[in-house]
Amino acid sequence: MSLLMPAHNEEKNIGEAIRAALNLDYPDFEVIVIDDGSRDRTYEVALTFKDPRLKVVRIPHSGKARALNEGLKLSSGEIIVTTDADGMLEEKALKCLVGRFYADDVVGVGGQVRVVCGSFLEVIQDIEHLRIAMFRRAHELENLSVAPGPIAAFRRRALEAIGGFVNDPVEDYATTIALKGLGKVVYSPKARCWVRMPTTLVKLWRQRKRWFLGDLPKLGGGPLKEKVFLGISDAVALFDVLFPILAIFSGKFALLAVFLLFEILTMAAVVAVEGGSPVEVLAFPFVLWFLALFYLTLHVYGYLHLLLKQ
């Protein structure tokens, strides 16, 4: 097992990420930190860890995919695991990932991403990831749409067959699509990584805009089910935005109460299965409205951006 950790200007987080990686419960693995031309002390902080399983290298800034490919060249494992320099892998994460390579045609495994919560915006993002985790457990256990960068594992031979990690603004999604041409990419719900997410609305918009604009062109040539799912999700988001407003202005408070109770019970089921807190259950109706409006706005922006480019 080789664990690749690309890092760019992660001085504040890299120490915690390396410490979590070195504490993984697995008999034989190496950790390779690739400092992608950081302008802060990321490289120096990484060098303070003295462990024979750890390698730290520095390359000129060239982007995450190229950093991962540099790490791939230096690695020796048959299974290549990726994580982020602001993420903390749970102790059993490697064992859970490896356990899902149950057949030769499984070329990749993705785990569950959770958010370290210090603000309400981070709680919102953790709720979002909990819902994603539940959806993947129910619908993508054997056919994962994306093996997420913070916690994913791949057969080395499969990565080498596609020429390494795909150089793309959303390298995890692009790499997953390429690997699906060789075999199956599956989900491991018990393999978890806790990550740090944007703490301001502006930073959140910039991050999700980059993700969506990177994903959108691929959806055009991707499976029909992904296009259909995107259309359905936008229709549901529009309903989630409009229904509470229309219910309030039309005086349908009993109907609104049923709707809110349904959403709370839905989130309670998610938390019971995936983990979480009572706060996330009670806050869910308000979080749902915010996320629906946020993503509906983002998707409309993305569609217009794509049309204007053509």
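Points to keep in mind about this one:
- Just one residue in the set Tyr102, Tyr173 is on the phi < 0 side of the Ramachandran plot and either among the aliphatic types (A, V, I, L, M) or part of a loop (DSSP other than H, G, I, E, B) (or both); that residue is Tyr102.
- Within region 195-310, helices (runs of 4 or more DSSP H) holding 1 or more residues that are of a type in the set (Ser, Thr, Tyr): 224-249, 253-274, 278-309
- Residues that are crowded, with 24+ Cβ neighbours inside 10 Å and in contact with a Lys or Arg (Cβ under 6 Å, 6 or more places away or on another chain), drawn from region 61-92: Ile80
- Selected residue (criterion: modelled with the highest pLDDT) from residues of region 196-230 that are among the basic types (Lys, Arg) and over 30 Å from Glu16 (Cα atoms): Lys227
- The residues on offer are Ala237, Ala268, Ala254, and the sole one that is among the small types (Gly, Ala, Ser) and farther than 24 Å from Leu121 by Cβ is Ala254.
- Tabulated pairs, region 1-25, first without any contact (Cβ under 8 Å) to a residue 60 or more places away in the chain and at positive phi, second assigned to a loop (DSSP other than H, G, I, E, B) and small (Gly, Ala, Ser), C-beta under 6 angstrom, 6+ apart or interchain: Asn9/Ser38
- Selection within region 118-144: residues that are of a type in the set (Asp, Glu) and either assigned to a helix (DSSP H, G or I) or in contact with a Lys or Arg (Cβ under 6 Å, 6 or more places away or on another chain) (or both). The member of this set that is surrounded by the fewest Cβ atoms within 10 Å (Cβ to Cβ) is Glu122.
- Looking only at residues of region 106-117 that are assigned to a strand (DSSP E or B) and under 15 Å from the mean Cα position of the chain (by Cα), we find that the one that is farthest from Leu144 (Cα to Cα) is Val115.
- Only one of Ala161, Ala138, Ala133 that is free of Cβ contacts under 8 Å to residues at least 60 places away in the same chain, out of contact with any Ser or Thr (no Cβ under 9 Å at 6 or more places or on another chain) and either over 23 Å from Pro6 (Cα atoms) or not aliphatic (A, V, I, L, M) (or both): Ala138
- Candidate set from region 19-32 (those that are of a type in the set (A, V, I, L, M) and within 21 Å of Glu70 (Cα to Cα)); member that is surrounded by the most Cβ atoms within 10 Å (Cβ to Cβ): Ala21
- Matching entry among Asp40, Asp35, Asp105, Asp51 (being in the same structural domain as Ala153 (by TED's automatic domain parsing) and crowded, with 17+ Cβ neighbours inside 10 Å): Asp35
- For region 51-66, the criterion of being in contact (Cβ under 8 Å) with a residue 60 or more places away in the chain and under 22 Å from Val109 (Cβ atoms) is met by at least one residue.
- Among the conditions (1) under 11 Å from the mean Cα position of the chain (by Cα); (2) part of a strand (DSSP E or B); (3) farther than 26 Å from Ala283 by Cα; (4) hydrophobic (A, V, I, L, M, F, W, C), Ala147 misses just one, which is (2).
- The single condition among (1) within 21 Å of Val146 (Cα to Cα); (2) in contact (Cβ under 8 Å) with a residue 60 or more places away in the chain; (3) in contact with a helix residue (DSSP H, G or I) (Cβ under 7 Å, 6 or more places away or on another chain) that Trp205 does not satisfy is (3).
The values are calculated or read from the model by the stated rules, or taken from the named source; none is laboratory data. In this text the structure is predicted, and so the values were computed from the model without any measurement. Glycine also receives a Cβ, built like all others from the backbone with ideal geometry; neighbour counts cover every protein chain displayed.
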